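**Q** Just passing along the structure, written as structure tokens.
The values are calculated or read from the model by the stated rules, or taken from the named source; none is laboratory data. Not measured: the values here are computed from a predicted model. Positions of Cβ are backbone-derived with ideal geometry, glycine not excepted, and every protein chain shown enters the neighbour counts. When the accessible area is computed, the model is the full protein with side chains, heavy atoms only, and any ligands, DNA or RNA have been set aside. Shrake-Rupley method; radii C 1.70, N 1.55, O 1.52, S 1.80 Å.
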Amino acid sequence: MTRLASTLADPQLPLALFRAALAAVDGETVVREALTDARRGSPVHVVALGKAAGTMIRGARSALGADLKRALAVSRPGHLDADLCADSRIRCLESDHPLPGARSLSAGRALLAFIEDTPGDEPILFLISGGTSSLVEVPVDGVDAGRLADLNRWMLGAGLDIAAMNRARSALSRIKGGRLAERLAGRPARALLISDVPGDDPAVIGSGLLVAGEPRGAWPEFPGELDWVEELARAPLRPGDIHAPPLRIVASLGRACEAVVEAARRRGLPVFRHSEFLDGEAAATGARLARMLLDAEPGVHVWGGETHVHLPEHPGRGGRNQHLALAAARVLAGHDGMRLLAAGTDGSDGNSDDAGALVDGGTVARGETAGLDAGQALARADAGRFLAASGDLVHTGPTGTNVMDLVIGVVADGDPQ
């Protein structure tokens, strides 16, 4: 076996490439790098929001040192480490995700209070990453935590794209759609963002707390039980209505994909970076990508995006990446030398704590040995249970970043088609 064939045949190769991508978009690293030009000797107040709030604020603390005067960090449970929260300057709040709840409203009040308590001539540094839309909210009158949860549960289950969801979220919010920028009242501010949205649009990341964007996506057709949304919705702000502070994207899906390409090339491997953004239905996308691998040259294939799943009334375990991977495994069944990894860069997927799955030509057979049926698992949105039985789930824990999803396919020599 040649060195190339041996490297491509390594079952751990997709995971190694995925780890290289995570390192390239790590929140601590990218924020520290972005703040190398920070002026020393001036107090800075820091607000970190989202799934990557913990690592981003660590990067800010490292770069700013004693200049970090006070900070507020809001993230998912388990994403803020003890060392960070032991710093007396940093207030850590765990909030609700993926559905907003009472803690999201409490975090929203804390955010407004933090801004109001900041001296008018001292700068605020915002560190914003994906997940902010659920974690922090100040709703309009008539909207409580229960209504917010009902709305977001329906939108996630209906498979709406991010543009449509953000239109509804912003219409019911006092801080989204650029409205938080109004609360700054002339205070100096800047923002560093980790993008988890197509096109890296700051008006979409975290539902655009500091940036108003032109309304995009169709206004959702809500079911009868959500008719209150239309009644309480506010007209969106226009870009010219607010003064957004300077913003910079410090990590993105593109950077993660390029890191996979570079890591593969360092190993001397042929690598194919597919420019297509994956945003279709997860099962159909997984099957299509697997068919592409069956006809592909040996090497590494890289895609990025964020697919969706139309959930049944009582979904099982898993998320879009596990759903995509299991659909791909059905196409790859019986083929040697084919592997596909689909994983969320934040380390989670749907209602599970797994990032996704790494499947191969034997995945379906291994799951069937446990008495499970792949087709039924997909129909019930229960891919996670099947992939747990086949031994193909990928678990990373919180990664400290969030730039959507990666799909890494590996084609080795020796497939007996």
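**Q** Any idea how far the Cα center of the range 178-206 sits from the one of the range 249-310, in Å?
**A** The range 178-206 and the range 249-310 have Cα centres spaced 28 Å from each other.
**Q** Okay, which of the range 210-230 sit inside 20 Å, backbone N to the point 7 Å along the Cα-Cβ direction of Glu182?
**A** Residues 210-216, 229-230 fall inside that zone.
**Q** Further question: Only four residue types carry charge here, +1 at the Cβ of Lys and Arg and -1 at the Cβ of Asp and Glu. Report the dipole size of the range 1-103 about the Cα centre in Debye, rounded to the nearest 20.
**A** 260 debye
**Q** Work through the residues other than Arg248 whose Cβ is under 14 Å from its Cβ and net out their charges, Lys, Arg +1 and Asp, Glu -1.
**A** Net charge in that neighbourhood comes out at -1.
**Q** Any chance you could give the angle, 0 to 90 degrees and rounded to 10, that helix 53-64 forms with the longest Cα principal axis of the chain?
**A** Compared with the principal axis, the helix lies near 60 degrees.
**Q** Rounded to the nearest 10 Å², what accessible area does Ser6 have for a 1.4 Å probe in the complete protein model?
**A** 60 Å²
**Q** Given a cut-off of under 8 Å on Cα pairs at least six residues apart, what relative contact order in percent is computed for the chain?
**A** Relative contact order here is 17 percent.
**Q** Using protein chains only and a probe of 1.4 angstrom, how many square angstrom of Arg58 are accessible, to the nearest 10?
**A** 60 Å²
**Q** Rounded to the nearest 10 Å², what accessible area does Cys92 have for a 1.4 Å probe in the complete protein model?
**A** Accessible area of Cys92: about 40 Å².
**Q** What distance in nm lies between label points placed 7 Å from Cα along the C-beta direction at Ala82 and Thr2?
**A** Taking the simple label geometry, Ala82 and Thr2 are separated by 5.2 nm.
**Q** While we're looking at this one, here's another question. Take every DSSP beta bridge with both residues inside the chain and express the antiparallel ones as a percent of the total, to the nearest 5.
**A** Working: 23 of 54 bridges.
Roughly 45 percent of the beta bridges in the chain run antiparallel, per DSSP.
**Q** How large is ³J(HN,Hα), in whole Hz, for each residue of the range 6-14 in order, when computed from phi with the Karplus curve 6.51 cos²θ - 1.76 cosθ + 1.60 and θ = phi - 60°, using x for Gly and Pro?
**A** 5, 5, 5, 7, 5, x, 8, 4, x
**Q** Considering only DSSP beta bridges with both partners in the range 65-221, what is the antiparallel share in %, to the nearest 5?
**A** 10 percent
**Q** Next question. Whenever you get a sec, line up Thr369, Thr401 from highest to lowest accessible area (probe 1.4 Å, protein heavy atoms).
**A** Listed by decreasing accessible area, they come as Thr369, Thr401.
**Q** Rounded to the nearest 10 degrees, what's the angle between the helix 320-332 long axis and the longest principal axis of the chain, both from Cα atoms, 0 to 90?
**A** Tilt of helix 320-332: around 10 degrees.
**Q** Using heavy-atom solvent-accessible surface (probe 1.4 Å) with all chains present, what is the largest-first order of Arg179, Arg216?
**A** Output order, biggest surface exposure first: Arg216, Arg179.
**Q** Under a 1.4 Å probe, what is the accessible area of the chain per residue, stated in Å²?
**A** Dividing the accessible area of the chain by its residue count gives 40 Å².
**Q** Which distance in nm do the two modelled labels at Gln12 and Arg40 give, with both placed 7 Å along the Cα-to-Cβ direction?
**A** 4.1 nm
**Q** Follow-up question, since we're still on this one. Of Leu127, Leu340, Leu68, which is the most mobile in a GNM of the chain whose springs link Cα atoms less than 10 angstrom apart?
**A** Result for the chain, Cα springs under 10 Å: Leu68 fluctuates most.
**Q** Relative contact order for the range 265-413 using alpha-carbon pairs under 8 Å, separation at least 6, rounded to a whole percent?
**A** 30 percent.
**Q** Once neighbouring chains are kept in place and the probe is 1.4 Å, which whole percent of the accessible area of the chain is contributed by carbon and sulfur?
**A** Roughly 49 percent, rounded to a whole number.
**Q** Keeping every protein chain in place, order Lys51, Lys176 by accessible area at 1.4 Å, biggest value first, i.e. largest first.
**A** Sorted descending by solvent-accessible area, the residues read Lys51, Lys176.
**Q** Can you grab the distance from the C-alpha centre of the range 311-375 to the C-alpha centre of the range 1-46, Å, no decimals?
**A** Rounded to whole Å, the Cα centres lie 25 Å apart.
**Q** Full extension from Arg89 to His243: what is 0.36 nm times the residue separation minus their Cα-Cα distance, to one decimal in nm?
**A** 52.6 nm
**Q** Calculate how steeply helix 102-116 sits against the longest principal axis of the alpha-carbon atoms of the chain, using the helix alpha-carbon long axis, and give the answer as 0 to 90 degrees to the nearest 10.
**A** With rounding to tens, the tilt is 50 degrees.
**Q** In the chain, which Cys residues have no partner Cys with a Cβ closer than 4.7 Å?
**A** So, Cys257.
**Q** Quick one: among Ala333, Ala357, Ala290, which has the greatest mean-square fluctuation in a GNM of the chain with alpha-carbon springs under 10 angstrom?
**A** In this elastic network of the chain, the residue with the biggest mean-square fluctuation among Ala333, Ala357, Ala290 is Ala333.
**Q** In debye to the nearest 20, how big a dipole does the chain give about its Cα centre with +1 on each Lys and Arg Cβ and -1 on each Asp and Glu Cβ?
**A** Dipole about the Cα centre, nearest 20: 1060 debye.
**Q** What net charge is computed for the residues neighbouring Leu105, neighbours being all others with C-beta under 10 Å from the C-beta of Leu105, Lys and Arg scored +1, Asp and Glu -1?
**A** With Lys, Arg at +1 and Asp, Glu at -1, the net is -1.
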